[in-house]
1. Give region B:144-172 a look and list any residue that's closer than 19 Å to B:K92 by Cα, part of a strand (DSSP E or B) and within 13 Å of chain A (Cβ to nearest Cβ), or say none.
2. Need at least 1 residues that are in contact with a strand residue (DSSP E or B) (Cβ under 6 Å, 6 or more places away or on another chain) per element, so show me which helices (runs of 4 or more DSSP H) inside region B:232-332 make the cut, counting only ones lying wholly within it.
3. Only one of these is basic (K, R), modelled with pLDDT under 90 and surrounded by fewer than 18 Cβ atoms within 10 Å (Cβ to Cβ): B:K134, B:K159. Name it.
4. Are any residues in region B:197-223 within 16 Å of B:S62 (Cα to Cα), of a type in the set (V, I, T) and assigned to a helix (DSSP H, G or I), and if so, which ones?
5. What is the one condition in (1) within 11 Å of chain A (Cβ to nearest Cβ); (2) over 25 Å from A:D5 (Cα atoms); (3) acidic (D, E) that B:E281 does not satisfy?
6. Is it the case that B:K89 is open to solvent by 60 Å² or more (accessible area, probe 1.4 Å), away from chain A (no Cβ under 14 Å) and not aliphatic (A, V, I, L, M)?
7. Just need a number here: residues in region A:14-37 that are within 22 Å of the chain's Cα centre (by Cα), facing chain B (nearest Cβ under 9 Å) and open to solvent by less than 20 Å² (accessible area, probe 1.4 Å).
8. How about region B:266-279: which of its residues are open to solvent by 10 Å² or more (accessible area, probe 1.4 Å) and among the polar types (S, T, N, Q)?
Amino acid sequence: MKVKDVPQDQNESYEGHSKIRYAKSEDGSIVKVKSSGWKVEEDATSLAWDDIHENLKSVYFKVEANELSPLAYRMEEALLTADLLAQNLGYWTFTVKRHLKPKVFNGLNEKKLMKYCDYFEITLEELKTLPKDLPWK
Amino acid sequence: MEVTKYNHNFAAHCETGVTSSLFENKGMELSEAMSLGIGSGLFFLYVPFIKVMGNPITSYRSFPGTIFKKCCKRLKVKFRAERFRNSIKGSKRLDQLLKNKVVLGIQTNIYWLSYIPKNFRFHFNAHNLIVVKKEEDGYLVSDPLLEEVSHCSESSMTKARFSKGPLAPKGLVYYIDGENSISQVEQAVYQGIKETVRRMLYSPVPIVGIAGMKLLSRSIRKWPKKLDERRARLYLSNVIRMQEEIGTGGAGFRYIYAGFLNESSKKLNNPILLEASEMMEAIADEWRVFATMAVKVCKNKGSVTFDQVADKLLEIAEQEKSFYQFLNKRYL
């Protein structure tokens, strides 16, 4: 790839930043070139995010139907699994899985809830409710 | 900004960028491309039976953390690396080192770094960056993926450094110890290339190197039959993300590697490496074609099929094979 062929496709995911790609310059050496995005990469990224939003949506409706606790939504939103969340908080995986049940979740004391709040960097109120602005809209 | 003597290095990849920065801030010349080559960063790995975020593992780079170490060892440069069990001790040690004006490389979970664009933040535990100094409410960090130095709050820093899970960083800090100078570049380049060639050609397990590419090619053929359509497309798009999205300089590090061969050939006055560089560049171009085809399948555009993508990969595998064989015969 020559320097002039480096894609500059304005990938919105870059949020105004650019990325380095390597390409061949006129004098035959291979140099760093700033690139604002490549359509092919952008498509792959957006496919992955579409899938994430799809999963998040289904969790959202399950929480709304009271099949899962709001914690499930926050967990999915943070791209975590129960296993990973448990490791980060020092819980057993089955403890976190229990907390995903609305009945168990509603009976948790504030201290335990705060542990989740601190990790997700949200307030107690936010942990107990579903958000209003949804990422897939 | 009052950064004393620190030069930020905007690079394609985090680990090679950090390695190059750490060396150059100690007055030793080492470009990103050279660190990839000497640290044997070029790789291929496909693990169908372990899934990360739902997708089988595909990697175009060697195991995280090894590039810096190998560069130091092969160039006879002394370095130190420290890990911590206790996050309070780890944070204290970080502050202490920064007070002594040591430029530090650290390992982090990229999810907690708020200055990175949102769409690239996943729970990936092996993102490397440099901490330059402590500020009132956080740290001044130099992340090779961004053009400018950035700011990171203290709480994000602790969360990022002590995140758990696969490849957990355990607060890893690493730095070049004392005054050093690079020696034996020629030997280091030789060792770097030798390891890469051996690994890609003669891997004992069929998930690494050329064999790994062929395995992936066979898997791609099976995906549309074995999985539902959506999952098959996600698997394929994940391969492309690993090749392009995560900061590889394009074509899964193949362009940077061509740069390494090119630079080495000039430094060591070796025409064989220049020829190899041109071969690698042609291979990198093919990887780009592969990515374009694969995304067409994923987006259901045009008439490209999974089988055609698999064929293309097989073609590239053969091309890479003859490249490594060329190096094996003519250079090693």
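The values are calculated or read from the model by the stated rules, or taken from the named source; none is laboratory data. In this text the structure is predicted, and so the values were computed from the model without any measurement. Neighbour counts run over all protein chains shown; Cβ positions are idealised from the backbone, glycine included. Remember, those area values only see protein heavy atoms, side chains included, never the ligands or the DNA or RNA. Shrake-Rupley method; radii C 1.70, N 1.55, O 1.52, S 1.80 Å.
1. Hit for region B:144-172 is B:S153, nothing else.
2. Working: elements: B:254-268, B:271-299, B:306-330.
Fully inside region B:232-332 and qualifying: B:254-268.
3. B:K134
4. B:V197, B:I210
5. With (1) within 11 Å of chain A (Cβ to nearest Cβ); (2) over 25 Å from A:D5 (Cα atoms); (3) acidic (D, E) applied to B:E281, the lone miss is (2).
6. It is true that B:K89 is open to solvent by 60 Å² or more (accessible area, probe 1.4 Å), away from chain A (no Cβ under 14 Å) and not aliphatic (A, V, I, L, M).
7. Residues meeting the conditions: 1.
8. The answer is B:N269, B:N270.
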